Amino acid sequence: MIRINCPYCGEREHSEFTYGEDATRTTPDNDAPMEEWNKFVYERDNPAGEHIEYWHHAFGCRAWLKVQRNTFTHDISWVGLPHENPEAES
Amino acid sequence: MGQYNALNIAWNALRGHKNWQRAWRDPEPKSNYDVIIIGGGGHGLATAYYLAKNHGITNVAILEKGWIGGGNVGRNTTIVRSNYLLDGNSPFYEHGMNLWRDMAQDLNYNVMFSPRGVMNIAHTKSQYDTFARRANTMRLNGIQAELLSRDEVLEREPIIDGSADTRFPVWGGILQPDAGNARHDAVAWGYARAADQLGVDIIQNCEVIDFIKHGERIIGVKTNRGDIHADKVGMAVAGSSSRLAQKLGIRLPIESHVLQAFVTEPYKPLINGVVTFGAGHFYVSQSDKGGVVFGGDIDGYNTYAQRGNLPVFEDVIAGGLTMMPCLSRLKLLRNWGGVMDMSMDGSPIIDVGPIDGLYLNTGWCYGGFKATPASGYCFAHTIANDEAHELNKAYTLDRFAKGYTIDEKGMGPYPKAH
Ligand SMILES: Cc1cc2nc3c(=O)[nH]c(=O)nc-3n(C[C@H](O)[C@H](O)[C@H](O)COP(=O)(O)OP(=O)(O)OC[C@H]3O[C@@H](n4cnc5c(N)ncnc54)[C@H](O)[C@@H]3O)c2cc1C
Ligand SMILES: [Zn+2]
């Protein structure tokens with residue numbers, strides 16, 4: 001069972017959260033070429049391993065969180081707020 | 001290797017079943033093939049079979065990292081149907097229905113195709129109206145469909161809770177009478193055996209770890225069993241599509257998600273056809289062995305783990321018990337998960353490219369079992385002729401960039417919602 005340590009509420013179980021999406025995508029400029037928009041809207045890295053993604057604490061404080069989770073093991077190595085990022089590994 | 005037939009069974013029975021041959025060979029990989037198919041799931045096996053049978057290309061290898069039938073082809077809930085709405089999909093899946101009907105004869109393998117009917121239940125008037133629209137569209141496309149009244153639904157499946165005070169009373173239903181189930185691993189084994197008999201090499205425990213390129217063209221693959229060259233390389237690795245494409249620096253319009261399935265202990269005949277609940281996501285049928293087989297939503301987050309989580313487990317069971325309360329008395333025997341290639345519009349990709357020498361088959365979401373024969377048929381055509389068959393010409397990779405998505409549910413680019 002996935003458990004997420006919400007910075008506001010503490011560790012809560014999976015059923016309180018809904019999954020958002022890949023949190024590493026950045027919106028292109030409005031006048032960026034169509035090619036870039038296509039990549040943004042439709043293409044995904046879909047990595048096997050560490051994935052940085054959004055989760056919504058829908059049945060808790062209702063904050064959006066950024067989570068680093070392994071897509072093989074479901075282990076969560078970092079949880080922060082949407083504007084934060086996990087520190088690059090030294 | 002011989003045909004499977006009644007005489008053969010009797011002959012072998014008299015000799016204590018000691019003389020059966022293995023169903024397909026276990027060859028060492030050659031260094032060179034005309035075509036390599038990566039992935040020995042249903043789609044890869046069917047593709048190799050139709051390459052040999054329809055296009056006379058028999059110097060073909062299927063490279064499977066595990067064993068035949070260990071992927072989604074052996075993990076699904078075996079529902080076969082063609083009740084689609086959109087033009088890109090309907091003819092493709094209906095052609096598949098025709099192939100399903102003849103499959104056992106064609107492969108000389110009992111795939112236990114059982115057109116016992118797929119019935120979706122409506123719980124409100126407006127839901128019933130959308131079913132009427134679907135039935136009309138299907139019939140215009142030459143696909144069988146019937147609207148059912150509440151009584152007809154309950155007559156077909158008496159264990160559905162038909163009481164007026166249930167939380168989601170039954171309003172009516174839609175039936176595709178010629179849809180149903182097939183035995184999933186028999187489909188994998190049947191295609192494997194038939195392809196092998198036509199000369200295809202099925203190479204198990206052979207993982208493709210990278211591609212071999214000559215300039216901008218793919219000319220083979222690197223595997224844990226050595227380098228293997230080929231004129232053409234087809235990819236049919238379902239949930240592993242992005243991982244493999246990444247080796248070529250290609251980002252696909254795909255996310256990998258897990259879908260769970262469940263089976264109970266064998267029980268006497270209880271459910272006649274395939275039934276889906278309309279007020280939640282739950283679909284159920286009963287296997288010929290008696291197990292009640294069911295599933296529901298995907299877990300909803302990116303994953304490559306072939307196991308799911310408990311919240312969806314609970315949700316699926318809750319849906320099932322609302323529709324068929326008596327299921328609560330059955331013991332669950334097994335639960336498992338499979339990793340699926342969820343595409344950005346819920347429809348698949350069968351295409352040439354995007355690199356010379358490469359052919360792509362992916363994006364089956366959780367509906368790719370029914371597509372097995374049609375996908376193999378079309379992918380073989382696409383590989384042999386370097387262009388799509390009429391039936392898969394809408395399944396291009398560049399449809400996203402061009403704005404020609406085929407989005408049955410109208411969900412937009414949210415793979416978890418398809
Ligand atoms: C629980 C569940 C229920 C489902 N229910 C239904 C249903 O009722 N009806 C329906 O139509 N569809 C259903 N599906 C979907 C269907 O099973 C899949 O869409 C379909 O099986 C995918 O195609 P495949 O058979 O070729 O995939 P798979 O059987 O997964 O084949 C892909 C193969 O590629 C191999 N592979 C991966 N990477 C490599 C590599 N690098 N080198 C070599 N080999 C590799 C894998 O080991 C695997 O065997 C369900 C799926 C699941 C998981
Ligand atoms: Zn919280």
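The values are calculated or read from the model by the stated rules, or taken from the named source; none is laboratory data. From a predicted model like this one, the values you see are computed outputs, not experimental measurements. Neighbour counts are summed over all protein chains in view; Cβ atoms, including those assigned to glycine, are modelled from backbone coordinates with ideal geometry. Remember, those area values only see protein heavy atoms, side chains included, never the ligands or the DNA or RNA. Shrake-Rupley method; radii C 1.70, N 1.55, O 1.52, S 1.80 Å.
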- Item | Relative contact order of the stretch B:274-418, defined on C-alpha pairs under 8 angstrom at six or more residues apart (%) | 21
- Item | Residue range of chain A that is longest and free of trypsin sites (Lys or Arg not before Pro) which are both DSSP loop and sparsely packed (at most 14 other C-beta within 10 Å) | A:26-61
- Message: At 7 Å along Cα-to-Cβ for each site, give me the label-to-label distance between residue B:307 and residue B:209 in nm.
- Response: 2.6
- Item | Estimated 222 nm signal from helices in chain A, with DSSP H stretches of n ≥ 4 weighted -39500 (n - 2.57), rounded to 500 | -3000 deg cm²/dmol
- Expressed as a rounded percentage, what relative contact order does chain A have, with Cα pairs under 8 Å and six or more residues apart? 27
- Note on the structure: With Cα coordinates, the longest principal axis of chain B makes an angle with the long axis of helix B:310-323, in degrees rounded to 10, of 50
- Listed residues B:164, B:61, B:23; largest mean-square fluctuation, Gaussian network over chain B with Cα springs below 10 Å, found at B:164
- Message: Using the crude model of +1 on Lys and Arg Cβ and -1 on Asp and Glu Cβ, and no other charge, please compute the dipole size for chain B relative to its Cα centre, in debye to 20.
- Response: 800
- Message: If R₀ is 51 angstrom, what is the calculated FRET efficiency for the pair residue B:402 and residue B:152, using the beta carbon separation as r and rounding to 0.05?
- Response: 0.75
- Query: Relative to the first principal axis of the alpha-carbon coordinates of chain B, what is the inclination of helix B:184-197, with its axis defined by its Cα atoms, in degrees from 0 to 90 and to the nearest 10?
  - Reply: 30
- Note on the structure: Put B:262, B:131 in order of accessible area, largest first, probe 1.4 Å, and you get B:131, B:262
- In the protein assembly as shown the accessible area split gives carbon plus sulfur, as whole percent at 1.4 Å, a share of 50
- Heavy-atom accessible surface, probe 1.4 Å, ligands and DNA/RNA ignored: which residues of the stretch B:300-343 lose at least 30 Å² versus the isolated chain? B:301, B:302, B:304, B:307, B:309, B:311
- Note on the structure: To the nearest Å², the heavy-atom accessible area per residue of chain A with 1.4 Å probe amounts to 58
- Kirkwood Rh over Cα pairs of the stretch A:3-89 into Stokes-Einstein at 10 °C, 1.306 mPa s: D in µm²/s? 113
- Mind giving me the FRET efficiency for residue B:159 and residue B:417? R0 is 25 Å, r the Cβ-Cβ distance, nearest 0.05 is fine. 0.25
- Query: Using the Karplus equation 6.51 cos²θ - 1.76 cosθ + 1.60 (θ = phi - 60°), what ³J(HN,Hα) coupling, rounded to whole Hz, does each residue of the stretch B:270-277 give in order, writing x for Gly and Pro?
  - Reply: 10, 10, 8, x, 9, 10, 10, 7
- Could you provide, to the nearest whole Å², the per residue accessible area of chain B with probe 1.4 Å? 41
- Using only alpha carbon pairs under 8 Å that are at least six residues apart, calculate the relative contact order of chain B and give it in whole percent. 22
- Message: Considering only C-alpha atoms, what is the centroid distance from the stretch B:46-115 to the stretch B:342-405, in Å?
- Response: 14
- Task: List the trypsin sites (Lys or Arg not before Pro) within the stretch B:329-418 that fall in a DSSP loop (any state other than H, G, I, E or B) and whose Cβ has at most 14 other Cβ atoms within 10 Å.
- Result: B:331, B:409
- Task: Tell me what chain B gives for mean residue ellipticity at 222 nm when only DSSP H runs of n ≥ 4 count, each as -39,500 (n - 2.57), the sum divided by the residue total, rounded to 500 deg cm²/dmol.
- Result: -8500 deg cm²/dmol
- Ranked order, B:365, A:61 - accessible area, probe 1.4 Å, largest first: A:61, B:365
